[in-house]
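As structure tokens, the structure follows; a few thoughts come after it.
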Amino acid sequence: MREVASAMNDEFLYESAEEQAVELSPAGRPLTDLLAEIKNLYFEDDRPWVIGFSGGKDSTAVLQLVYTVLTSLSSDQRQKPVFVVSSDTRVETPVVVDLLSQTLGELNESAELNRIPLTAHTVQPEVDESFWVNLLGKGYAAPTKSFRWCTERMKINPINAFITDKVAKYGEVVVILGARKAESSTRAQVLAKHRIDGSRLAKHTSLPNAYVYTPIDDWSADEVWEYLMSAPRPWGGTNRPLLELYKGSNAGECPIVIDTSTPSCGNSRFGCWTCTVVTEDKAMESLVEQGEEWMKPLLEFRNLLAETTIPERKNEFRNFRRRTGRVTIARRGLQEDEQGNLIKKHVPGPYWMRYRRDWLERILTLQRDLSERDPEFELIAEEEIHAIRREWLNDPNEPDWEDCLPAIYRRVYDRDLDWIERDAGAFSQMDTEILEELGHTYGVPTALVQKLLDLTVSMDGLAKRRGMSDQIHSTLSQDWGSLASILESEDVPQDGGYQEEIDSLYEALTQLKDEFNR
């Protein structure tokens, strides 16, 4: 089998693509046998198929195999619907989005023209679960290996909702994935554990009435490339752009994620441009080096976010209170200083509002500048901007009394969106300055008074203010004052510190794996 380096070479062409495809024997198995297996599974029952398509090499190979089988069938044999589903996290690498959109469009056009029961679809996370609303709106820290909040919210949930919808309509479905054992030993173990005896199918790890089929699970990366570059693409076009996208980089791809056992998309080429799961994004750096210099500002912004995940800098960017309003310490944070006194290491909360404001303005400015190159270019949707504004106005720690977001947008675009009017009784910057002066005089935290006033305004006009006393008590019981004064007290909960221990253990495990793989 050719080495990956040969597969990436521009001279990797065949005189007769169809003849070479027939002669292929990935994993020691003739390609014709695998195509026959796919055809038999298609005829086996009436369960529809859902193909997970990321646009990367593995999912493209699987899609190509299935489409090849469908084109070989007569019109009366094509009875089972096939759905191709792609996940758009709203922060996918732009060049990948372009290639993916083009491929899905070609698929739908070809399928309709050839009367093949296949349709391609794209799913997105709900607006309130998008990357920008969570990071800029709620202040969630940028994802790390041990705090990958993005995966479930932005990938797993949208894909699973699509699958669940098909299960509700058809009773059962078969999910076809481009997972390979060589890509992830964890994934291989999960598939083996759920494999049905005497069948090529496995039970889905979390969705009832859904089954998983992985036709190329034994293929190597070399074999995937040999197939893609020798077999003709049945819906037309060529895989040359895909090859060019991978060339010059050892990065992998973000697989279609259907459960938490799917491997991380960390440094992958087919992932999010904002990804901070790894310290350095070699894939995006490679794209810039290959001529996509317009992406350099995106890479710089992504690197800025990565810096906020450095343990030594967390307290610089993040509030010392959690979104609950409380300060928590790590379970393993009780260490001794040189004098033998216990040191309480607290767990930081969301990003400070000042950073969120600055980052949003940077994103909007990037979007404005890059739209001159492509008028349809979008980094953040208007609906996300409105959602971020709602989060800022109702932030549990730093409510945005100034309502800064419309002014930020106006500075960048010199125009306004169709803003929803704020509730009556909203406060101004002048009110904040007066409260700060009074708070300093009487020794009362300004944020505490703001929250109590917000609570009063929210219940204004109600005939019965049921629960108001409980909410006032809850507000007063939060941690007010400086971090130093709070840590001096004996009433600092430890229920939020498990993540620090998980981070430490995960980092140690990762180092062991790296040493073992060497």
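A short reminder: the numbers here are calculations on the coordinates, not readings from a lab. Keep in mind that what you see is a predicted model, and the values were worked out from it rather than measured. Every residue, glycine among them, receives a Cβ derived from its backbone with ideal geometry; neighbour counts consider all protein chains shown.
Observations on the model:
- Rounded to the nearest Hz, the phi-derived 3J(HN,Hα) couplings of the range 288-295 under the Karplus curve 6.51 cos²θ - 1.76 cosθ + 1.60 (θ = phi - 60°) are 5, 5, 7, x, 8, 5, 5, 7, where x marks glycine and proline.
- Each residue of the range 404-415 was assigned a 3J(HN,Hα) from its phi angle through the Karplus expression (A = 6.51, B = -1.76, C = 1.60, θ = phi - 60°), giving 6, 4, x, 5, 4, 4, 5, 5, 7, 9, 6, 7 Hz with x at Gly and Pro.
- Counted by neighbouring Cβ atoms within 10 Å, the residues CYS404, CYS272 run from fewest to most as CYS404, CYS272.
- Residues TRP225, TRP149, sorted so that the one with the fewest Cβ neighbours within 10 Å comes first: TRP149, TRP225
- Note on LYS138, LYS57, LYS169: ascending count of other Cβ atoms within 10 Å places them as LYS169, LYS138, LYS57, the fewest first.
- In a fully extended conformation the segment linking LYS282 and ASP418 would gain 45.0 nm over its present Cα-Cα distance, using 0.36 nm per residue.
- Stretched out straight at 0.36 nm per residue, the stretch from LEU455 to ARG313 would grow longer than its current Cα-Cα span by 47.8 nm.
- Flagged links, alpha-carbon separation over 25 Å, of LYS57/LYS282; LYS138/LYS169; LYS155/LYS282; LYS138/LYS282: LYS138/LYS169; LYS138/LYS282
- Taking a Cβ cut-off of under 9 Å around TRP132, the surrounding Lys, Arg, Asp and Glu residues balance to a net charge of 0, with basic ones at +1 and acidic ones at -1.
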